[in-house]
Amino acid sequence: TYQGMSKERMLEIRKLNCNAMTMKVTYYKKPLYIHQGFMQWLWDVDGSRYLDMFAGVATVSLGHCHPKVTKAAQEQLQRLWHTSAIYIHPQIQEYVEKLVSLLPEPLKVVYLTNSGSEANDLALLMARLHTGNFDAITLRGSYHGGSPLTMGLTSNTVYKYPVPSSLGCYNTMCPDVFRGPWGGSHCRDSPVQTVRECSCSPDQCQANDRYIEQLKEVFATSVPNRIAAFFGEPIQGLGGTVQYPKNFLKEAYKLVREKGGICIADEVQTGFGRTGSHFWGFQAHDVVPDIVTMAKGIANGFPMGAVVTSEEIARPFAEGLHFNTFGGNPVACGIASAVLDAIKEDRIQENCAVVGTHLLKELAKLRDKYEIVGDVRGKGLHIGVEMVKDKESRDPLPSDAMTEILEDTKDMGVLIGRGGIYGQTLRIQPPMCVTKEDADFFLAVFDQALHNYTERR
Ligand code: PMP
């Protein structure tokens, strides 16, 4: 029991009274009853400890109940919970100033929201007002939110309903160099590579050209030469940690701008140092977006999101009156401010690079050891392991097999995530405080789970 309530009753209430989607995304046959966390560790109601290698989908960026962040929350809760945009509040102004100092010019106008969906909603509206165009293009497999508007941007039917969720949203082929028709792992910017026969040379990535042609085809077939916005995650998250060929975003941005559109980087999963080499995911693509959207890790799990853009793009939007009751309230800003301080003080970005690269290199050894590990990719602590029936066919590993591996990993004390349009990718996106020792523990457990699975066949 937990605080007098039995596990059976908890499950019953969840089935009866919680939304159906919540039921669906339970990874495990035997559910987990998590009730406490500290940094990279979680405890269930029976006192078992788990190493959290998923951080609630990369949301608990610094670690559960991070002391500095918790202290900031407590202090602000004792001072003031809520005010309104009518008044000036030092906590909010202080945060916004810190945030824009981390972004390149001309990105300096911030709108604070409560979630990533709200942030992308706002970004699309701004793009439409600024350009006078309507259509938006996203990459297949992407996730940009679950609100009626962003559901149109999201390109994964698991998260879509059969209603016209958002008019004017189109998508282009995701430049996935593993599962897609062109390219190989050497086309992308990652510390791990496999040799794969493809038509690319180091200075001329033909795979990239092909995927850009696909985008051109969207203009030729669906979007009549005028576009409001192109949305792209610097590395796809829910889509299965998909990394694009090195120049893809740069060339896509160029094309979209030629067609009168603006470019939006969805940094909800890739931001705040997670990719290790850079603070923002877009920086590795050598582009400056017109709008950057963020959420999840921005406040270490406290509800918050943000849209950052230029004065020029914000202008038509600023002419109307936009109001968001809770967006960027003093508590959220106090927390988010402590998050930025801790990232700097704890040298978090560096840790992501060091531990992430170690993980990637070791995972690549497991890829070479097991037939069912097709691909290992990612940067920093944003890692995907693509599971296949066999290396030859590259068919996705069936769902029940994925569940078996996840369950076994959990039973040995490690929590990891799952994604990809066939649910075939294991996702490693831990709190950014994980150490090399934690990584080694995870690697040993994962190796054992793969071994167990192979033995059982
Ligand atoms: N963009 C990306 C890349 C995401 O991963 C998510 C959440 N999974 C969102 C947007 C939407 O964020 P939220 O759930 O906070 O609305």
Legend entry - Length-normalised contact order of the stretch 68-345 in % [C-alpha pairs under 8 Å, at least 6 apart]: 29
Inset, instruction - Would you mind calculating the gained length between Val100 and Asp346 on full extension (0.36 nm times residue separation, minus the Cα-Cα distance), in nm to one decimal? - result: 86.5 nm
Inset, instruction - Indicate the gyration tensor shape class of the stretch 335-457 (rounded, prolate or oblate), computed on the Cα atoms with a ≥ b ≥ c the square roots of the eigenvalues: a/c under 1.5 is rounded; otherwise a/b larger than b/c is prolate and the rest oblate. - result: prolate
Inset, instruction - Find, to one decimal place in angstroms, the Kirkwood hydrodynamic radius of the chain, where the mean of 1/r is taken over every pair of different Cα atoms and then inverted. - result: 22.7
Inset, instruction - Under 16 Å from a label point 7 Å along Cα→Cβ of Glu217: give me every residue in the stretch 128-145 with its amide N that close. - result: 138-141
Inset, instruction - Using Cα pairs closer than 8 Å and at least 6 residues apart in sequence, work out the relative contact order for the stretch 37-109, in percent. - result: 21
Legend entry - Which of Asp46, Asp440, Asp266 has the fewest Cβ neighbours within 10 Å, and the rest in rising order: Asp46, Asp440, Asp266
Inset, instruction - Evaluate E = 1/(1 + (r/R0)^6) for Glu437 and Val45, where r is the Cβ-Cβ distance and R0 equals 25 Å; express this FRET efficiency to the nearest 0.05. - result: 0.40
Legend entry - Entries in Lys365/Lys389; Lys68/Lys108; Lys7/Lys369; Lys7/Lys410; Lys369/Lys436; Lys108/Lys436 that, when Cα-Cα distance is taken, lie over 28 Å: Lys7/Lys369; Lys108/Lys436
Inset, instruction - For the stretch 381-457 and the stretch 143-183, compute the distance between their C-alpha centroids and round to whole Å. - result: 25
Legend entry - Pairwise label distance in nanometres, Leu32 with Asn452, each label 7 Å out on the Cα-Cβ vector: 1.4
Inset, instruction - Starting with the fewest neighbours, write out Met151, Met10, Met294 ranked by other beta-carbon atoms found within 10 Å of each beta-carbon. - result: Met10, Met151, Met294
Legend entry - Using a Förster distance of 56 Å, the FRET efficiency for Ser84-Gln193 (Cβ separation, nearest 0.05): 0.60
Inset, instruction - Please work out how much length the chain gains when fully extended from Leu167 to Phe134, using 0.36 nm per residue of separation minus the C-alpha to C-alpha distance, in nm with one decimal. - result: 11.0 nm
Inset, instruction - Could you tell me whether the stretch 43-151 comes out rounded, prolate or oblate from its Cα gyration tensor? Rule is a ≥ b ≥ c as square roots of the eigenvalues, rounded for a/c under 1.5, then prolate if a/b exceeds b/c, otherwise oblate. - result: oblate
Legend entry - Highest to lowest packing among 365-378, 267-280, 133-146, scored as the average C-beta count within 10 Å: 267-280, 133-146, 365-378
Inset, instruction - May I ask you to sort Arg128, Arg456, Arg14 by Cβ crowding, counting other Cβ atoms within 10 Å and putting the fewest first? - result: Arg456, Arg14, Arg128
Legend entry - Prolate/oblate/rounded call for the stretch 262-332, Cα gyration tensor, a/c under 1.5 rounded: oblate
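Read-outs: derived from the displayed coordinates by stated rules, not from any lab. This is a predicted model, so every value here is computed, not measured. Using ideal geometry, Cβ is built from the backbone for each residue, glycine included, and neighbour counts are taken over all protein chains shown.
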